[in-house]
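Presented below is the structure to which this report refers.
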Amino acid sequence: MTEITVRASSWAGLFDCAMKWEGVHLLGMKNTIGLRAALGTAIHAGTAVFDQARISGDSLTIDDAAGVLVDKLRDPENEYDPARDDLSVKDAERIGISLLSKYCAEVAPNYDYVSVEMETKPLVIDCGSDIHVRLTGTLDRARVHKHKDGAIGITDLKSGSNAVQKKAAVTKGHGAQIGTYELLFEHSTGTEISAPGEIIGLKTKGTPEIGYGEINNAKRVMVGTEDQPGLIEFAADMFRTGRFYPNPKSLLCSEKYCARYKSCPFKEE
Ligand code: SF4
C-alpha cells in the first residue's frame, strides 16, 4: 500500500492547478515568495496570537499583536525576494499594522471563536488501487466560529492585493479549502458544521480594507451527492492514476506564483 501524506492547507491548491500542486508537494519544486506574501504571513501571525489570547482569556493588546506581526515580517525564516513586489518593508509594516489594528478593534470582538488554526486528526482517503492519501495538519489561518444561535462554522482569513472587491471579501476559489476544513473539523471533533463558511478578506494593496463573504455547501462540493461525484473523488482519481491536470487558466498561472512555470508546456504566454 502507498500512503501519501498531504497537508490539509495545501489540498485546495490541488483543485486550482493539479500539475502545479504535484510539482510543489510531490516533486519538491520550490518558488520564492514576494514581500506581499510575507506580509500576509505576518498579518496572520499577529491576528492569530490576538484571537488565541481572547479564547484563552490572556491579556494581549493590539500593540502586542503588532509586535508579533513586525517580528514575523523581519524573521529571516520568513524569506522573500524583495524584487518581486513594488513594496518596501516600511510600507509593508504600515499596511500590516493598519489592517491588524482594524481587525483587532472592529472585527474580532464580533466573533466568538472556539479555536484558531486548530490541529486536526489525520483523515485517510482511500483512492483505490492500494493508494491512500492522509490529510494532516492544522486549519491554517482559519478559525472555528460559534455563531449566536450556537451553530458552528469555519471562518477563514484571507489577505492579499485583491482580497476585497466592491467592499466584499472575494470568495471565489476558496470553496475547496473551506470544504476540506469543514470535513477535517467534523472528523476531528465529531461535531457537525452547521453554519456557512465565511471569508474575512484583508486587502493589502491601496487603502487597507476588510470585507466579508459567505461560502455555502462547501462540504457537499467536496463529498458530492448520490448523482454527482465530489472533488474528493476527482482527487482520488488523480492520486490513483498519477495524472495531475494542468490549468493554464488559473489566476496563479504565472512565473511569479508557479514553481513549475518554466518547464510547463501547457502555460499560455
Ligand atoms: S504553468 Fe500554469 S498550467 Fe503549468 S503547472 Fe503552472 S499553473 Fe499549472
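The values are calculated or read from the model by the stated rules, or taken from the named source; none is laboratory data. What you see is a predicted model, and the numbers here were worked out from it, not measured in a lab. Cβ atoms come from the backbone with ideal geometry, glycine included; neighbour counts cover every protein chain shown. These area figures cover heavy atoms from the full protein model, side chains too; ligands, DNA and RNA do not enter into them. Shrake-Rupley method; radii C 1.70, N 1.55, O 1.52, S 1.80 Å.
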Name the helices (runs of 4 or more DSSP H) wholly inside segment 162-262 in which the number of residues that are in contact with a helix residue (DSSP H, G or I) (Cβ under 6 Å, 6 or more places away or on another chain) and closer than 28 Å to Cys104 by Cα is 3 or more. 175-189
Regarding Val68, is this residue open to solvent by less than 60 Å² (accessible area, probe 1.4 Å), within 25 Å of Gly137 (Cα to Cα) and more than 18 Å from the chain's Cα centre (by Cα)? yes
Quick check on this structure: which one of Pro196, Pro208 is more than 16 Å from the ligand (Cβ to nearest atom) and either closer than 23 Å to Asp85 by Cβ or open to solvent by less than 20 Å² (accessible area, probe 1.4 Å) (or both)? Pro208
All-but-one check, Ile62 against (1) closer than 19 Å to Pro208 by Cβ; (2) in contact with a strand residue (DSSP E or B) (Cβ under 7 Å, 6 or more places away or on another chain), failing number (2)
If you check Ile55 against the conditions, is it of a type in the set (A, V, I, L, M, F, W, C), modelled with pLDDT of 90 or more, surrounded by fewer than 18 Cβ atoms within 10 Å (Cβ to Cβ) and not in a loop (DSSP other than H, G, I, E, B)? yes
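To keep it simple, each residue is scored yes or no on (1) over 17 Å from Ala12 (Cα atoms); (2) more than 9 Å from the ligand (Cβ to nearest atom); (3) open to solvent by less than 100 Å² (accessible area, probe 1.4 Å); (4) in contact with a Cys (Cβ under 9 Å, 6 or more places away or on another chain).
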| residue | (1), (2), (3), (4) |
| --- | --- |
| Gly230 | no, yes, yes, no |
| Asp237 | no, yes, yes, yes |
| Arg240 | yes, yes, yes, yes |
| Pro246 | no, no, yes, yes |
| Ser250 | no, no, yes, yes |
| Ser254 | yes, no, yes, no |
| Tyr257 | no, no, no, no |
| Cys264 | yes, no, yes, yes |
| Glu268 | yes, no, no, yes |
List, please: which pairs have Cβ atoms under 7 Å, are six or more places apart or on different chains, and start with a residue in segment 236-260 that is at positive phi and at pLDDT below 95 and end with one that is more than 6 Å from the ligand (Cβ to nearest atom) and β-branched (Val, Ile, Thr)? none
Within segment 29-73, how many residues turn out to be in contact (Cβ under 8 Å) with a residue 40 or more places away in the chain and touching a His at 6+ places or on another chain (Cβ under 9 Å)? 0
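The rows are residues; the columns are (1) free of Cβ contacts under 8 Å to residues at least 24 places away in the same chain; (2) outside any loop (DSSP other than H, G, I, E, B); (3) within 21 Å of the chain's Cα centre (by Cα).
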| residue | (1), (2), (3) |
| --- | --- |
| Lys90 | yes, yes, no |
| Leu99 | no, yes, yes |
| Glu106 | no, yes, no |
| Pro109 | yes, yes, no |
| Lys121 | no, no, yes |
| Ser129 | no, no, no |
| Leu135 | no, yes, yes |
